[in-house]
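Colleague: This is the structure I have questions about; it appears just below.
Each reported figure results from applying straightforward, stated rules to the coordinates on display, with no laboratory input. Nothing here was measured: the structure is a model prediction, and the numbers come from that model. Every residue, glycine among them, receives a Cβ derived from its backbone with ideal geometry; neighbour counts consider all protein chains shown.
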There are 2 protein chains.
Amino acid sequence: MKEKELRRSQAVLPIGTVMKLTNLSARQIRYYEEQELVIPARNEGNRRMYSLNDIDKLLEIKDFLADGINMAGIKRIYEEQAEKQAEKQAELSKPLTDEDVRRILRDEFINVSRLTKSNGYSFRTNRNL
Amino acid sequence: MKEKELRRSQAVLPIGTVMKLTNLSARQIRYYEEQELVIPARNEGNRRMYSLNDIDKLLEIKDFLADGINMAGIKRIYEEQAEKQAEKQAELSKPLTDEDVRRILRDEFINVSRLTKSNGYSFRTNRNL
DNA sequence: CTATCTATGTTATATTTTATAACATAAATT
DNA sequence: AATTTATGTTATAAAATATAACATAGATAG
């Protein structure tokens, strides 16, 4: 899914297109940017360029507003989302626990023993790996 | 997949974006249009608006040209493709053969008999459907 | 109830992007 | 050698966008 994500995050749409796709006014779109909710890329000429992900987020904001949630509320929602994302990310890049290490080593040895099952080599053979 | 097709054929990209995504010059893109290879939509202000499908086609044209095929050759390729598409379409909208009708009717009756299997109703029950 | 704030509209001005069209040209074709 | 093809370049006009300021209905606070 890496490539799809890339496509979805490519800033290729000018604000006029975004207005049509979202039915938001330029004023609204720029205001949400001012509120730091959707910050588009800029091209060489300083024109805002939006990605499909930006479109999704704008539509989401529109829904939140229609539900009576105000800017402050929407900001909070995204802050919390960002936190959760950060946690998940931290989890992924956290160093291995001793438990993890033991499990992984055990699995390693299982594989090795499979490879060396009937060739007469013992586990000691793998000290150099 | 209907929705995906729709998205891919939505004309949302201005020529500047297309230039970047394809590495073609505006001159080239417009020339291929003049040659009736890729005819973009126009917005209210007469600006060309391209779809993802248009991008694909432009990249394809670029490849053909790199392979030494000239405009005439490329046009021919697309004409043939269009023919094949038309045939396929014709096949789909062709009226049913007698054979088709018999098969469909048989299947209908199988379903009906399933529904009425153990409720004492005979086939005649379904005359009103 | 009045004052303030929020979210958005409107207008003006400057800059960027695009459209069209004409002229130019290297490379391929005739 | 003349013509055609595919593309570059330049000029001009129109459209889209950026920024910023002023305006305001409705919500919120004092």
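Colleague: Once you've got the Cα coordinates, tell me which of A:Lys57/B:Lys4; A:Lys57/B:Lys62; A:Lys20/B:Lys88 are over 24 Å apart.
Modeller: Numbers: A:Lys57/B:Lys4 19 Å; A:Lys57/B:Lys62 34 Å; A:Lys20/B:Lys88 34 Å.
A:Lys57/B:Lys62; A:Lys20/B:Lys88, as the Cα separations exceed 24 Å there.
Colleague: Using the Cβ atoms and a cut-off under 13 Å, what net charge is assigned to the surroundings of A:Lys62, where Lys and Arg are +1 and Asp and Glu are -1?
Modeller: Numbers: positive: A:Lys57; negative: A:Asp54, A:Asp56, A:Glu60, A:Asp63, A:Asp67.
Net charge around A:Lys62: -4.
Colleague: Rounded to whole Å, how close does chain A get to the rotation axis onto B by Cβ? Give me the residue too, please?
Modeller: Whole-Å result, nearest residue of chain A to the axis: A:Pro14, 3.
Colleague: A further question on this structure: List, shortest first and in nm to one decimal, how far the label point of A:Glu60 (7 Å from Cα along Cα→Cβ) is from its counterparts in the other copies.
Modeller: 3.5
Colleague: Follow-up. To one decimal in nm, how far is B:Ala86 from the same spot in the other copies, if labels go 7 Å from Cα toward Cβ? Please give the shortest first.
Modeller: Listed shortest first, these distances are 6.2 nm.
Colleague: List the residues whose amide H sits under 5 Å from the amide H of A:Tyr50, counting only those 5 or more places along or on another chain, with H placed 1.01 Å from N in the peptide plane.
Modeller: Close amide H contacts, sequence-distant or interchain: A:Val12, A:Leu13.
Colleague: Run the label-point distances for A:Ser25 please: 7 Å along Cα to Cβ, every other copy, nanometres, shortest first.
Modeller: Here A:Ser25 shows inter-copy label distances of 4.2 nm.
Colleague: Short version: what are the Cα gyration tensor semi-axes of the range B:1-68, square root of 5 times each eigenvalue, largest first, in whole Å? Before the final figure, lay out the partial values.
Modeller: On the way: eigenvalues 74, 48, 21 Å².
Semi-axes (√(5λ), whole Å): 19, 15, 10.
Colleague: Name the GluC sites (Glu not before Pro) in the range A:1-59 that are in a loop by DSSP and that have at most 12 other C-beta atoms within 10 Å, would you?
Modeller: Here the GluC sites (Glu not before Pro) that fit, given the DSSP loop and packing criteria, are A:Glu36, A:Glu44.
Colleague: Say R0 is 35 Å: what FRET efficiency, to the nearest 0.05, do A:Lys2 and A:Ile39 get from their beta-carbon distance? Write out the running numbers ahead of the final one.
Modeller: Values: r = 23 Å, r/R0 = 0.65.
Result of the calculation: an efficiency of 0.95.
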